[in-house]
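*Asks:* The structure is given below, and queries will be raised subsequently.
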Amino acid sequence: MTRSPLALALLLLCAAGAAAAVPRYREAPHFTNSAAAQCPPLLQPSDADAACSPHAAVHVAMTLDASYLRGTMAAVLSVLRHASCPESIHFHFIASASSGSSATAEALRATVRASFPSLAFRVYPFADEARVAGLISTSIRGALDRPLNYARSYLASTLPACVRRVVYLDSDVVLTDDIAALAATPLPGEGTAVAAPQYCGANFTAYFTPGFWASPALSSAFAGRRACYFNTGVMVLDLARWRRAGYTAQIEEWMELQKRVRIYELGSLPPFLLVFAGRIASVDHRWNQHGLGGDNYRGLCRGLHAGAVSLLHWSGKGKPWDRLDAGRPCPLDAVWAKYDLLRPAAGIETS
């Protein structure tokens, strides 16, 4: 069949748009287990049951979508680069199940496999996406309202039951230390399901509306506990305890209330705080040097907090890949650029 020049042009534009949805990333260096680290046997990338292997030293969960894929790829590279047992880490990626997504889960899976041929990982469709979309209330920044941003609350039902402990990471982080140290964080007490750096000096009341604090019925949710702010972009989760306590249902109850009465403004964080603040195990602040993306409005440059650094987190509006592409990087964006698989190699060495 002969197509008109206009039809051919449209086909080319569609093909270009499809290709642009998932850029071509470089293949990452291969990192091997350290002989001195007494690592478990290697995980086989082709093993469909690798997620339940007793040889998985660390489980890592992240979301996977076209908008933040560049960040995810850099984060994975940084985890492997600094891990003592990189071949014994299993990644769990949660991808959008929506037909309207700019890239399918299979296309994203193929992209990850092309850059990390020996990586043990599995991609899961976010089965609760449609229901979560109906629970989300508009927040101060559109990127916070994506259903996939809430996937961290559904890891217990998304990942296999054999996965008991997992490190959750946002896509805008890079590690400069061995993730095994973070994964080994103690979670004392039978009911402790979350560990994260806590910031008790932060203005906790700012995360909820004046109406919330004015209501004794609502504000009493924090009675009897020292509730401190923590960032949900870096957490260690005990999924077995989470499942037993039914924490996802508790988070959803607060989201349903928010649909009726405005009690917070900031996306998926406040429901997490309502359920867990004051009930988590503390992690050293070095594991979440957050806020490097600035605030949620302008995304201005920020420096590191005082102290050691094991993980840098570009939470906030400004993302390092956007600022680098615009030719207006912040000083610390140069650290992230070393792990960028979309740009020419920046001298990452294998170990």
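*Asks:* What number of residues within the stretch 318-331 satisfy the criterion of being surrounded by 18 or more Cβ atoms within 10 Å (Cβ to Cβ), touching a residue at least 24 places away in the same chain (Cβ under 8 Å) and in a loop (DSSP other than H, G, I, E, B)?
*Replies:* Total meeting the criteria: 3.
Yes or no, residue by residue, for (1) open to solvent by 50 Å² or more (accessible area, probe 1.4 Å); (2) assigned to a strand (DSSP E or B); (3) out of contact with any helix residue (DSSP H, G or I) (no Cβ under 6 Å at 6 or more places or on another chain):
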residue: Tyr150; (1), (2), (3): no, no, no
residue: Ala156; (1), (2), (3): no, no, no
residue: Ser171; (1), (2), (3): no, no, no
residue: Ala180; (1), (2), (3): no, no, yes
residue: Thr185; (1), (2), (3): no, no, yes
residue: Glu190; (1), (2), (3): yes, no, yes
residue: Ala195; (1), (2), (3): no, yes, yes
residue: Phe212; (1), (2), (3): no, no, no
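*Asks:* Another question about this same structure. Tell me which residues, restricted to the stretch 251-275, are open to solvent by 60 Å² or more (accessible area, probe 1.4 Å) and assigned to a helix (DSSP H, G or I). Let's see the steps before the verdict.
*Replies:* Filtering the stretch 251-275 down to residues open to solvent by 60 Å² or more (accessible area, probe 1.4 Å) leaves 253, 256, 259-262, 265.
Glu253, Glu256, Lys259, Arg260 - these are the residues of the stretch 251-275 that are open to solvent by 60 Å² or more (accessible area, probe 1.4 Å) and assigned to a helix (DSSP H, G or I).
*Asks:* Go through the stretch 83-107 and give me each residue that's of a type in the set (S, T, N, Q), farther than 15 Å from Ser53 by Cβ and modelled with pLDDT of 90 or more. Show your work before the answer.
*Replies:* Taking the stretch 83-107 first, the residues of a type in the set (S, T, N, Q) are 84, 88, 96, 98-99, 101-102, 104.
In the following step, the residues that additionally are farther than 15 Å from Ser53 by Cβ were identified as 84, 96, 98-99, 101-102, 104.
Ser84, Ser96, listed by residue number.
*Asks:* Answer with yes or no whether Arg279 is farther than 14 Å from Thr176 by Cβ, surrounded by fewer than 21 Cβ atoms within 10 Å (Cβ to Cβ) and at pLDDT 95 or above. If you could, list the steps in order and put the result at the bottom.
*Replies:* Working: farther than 14 Å from Thr176 by Cβ: yes; surrounded by fewer than 21 Cβ atoms within 10 Å (Cβ to Cβ): yes; at pLDDT 95 or above: yes.
Yes, satisfied.
*Asks:* Tell me which of these Ala245 doesn't satisfy, since it passes every other one: (1) open to solvent by 30 Å² or more (accessible area, probe 1.4 Å); (2) under 22 Å from Phe208 (Cβ atoms).
*Replies:* The single condition Ala245 does not satisfy is (2).
*Asks:* Is it the case, given these coordinates, that Thr185 is more than 21 Å from Ala249 (Cα to Cα) and in contact with a strand residue (DSSP E or B) (Cβ under 6 Å, 6 or more places away or on another chain)?
*Replies:* Answer is yes for this residue.
The values are calculated or read from the model by the stated rules, or taken from the named source; none is laboratory data. Bear in mind that the values here come from a model prediction, so they are computed numbers and not experimental data. Here Cβ is always computed from backbone atoms with ideal geometry, including for glycine, and neighbour counts include all displayed protein chains. Surface accessibility is based on the protein's heavy atoms, side chains included, excluding ligands, DNA and RNA. Shrake-Rupley method; radii C 1.70, N 1.55, O 1.52, S 1.80 Å.
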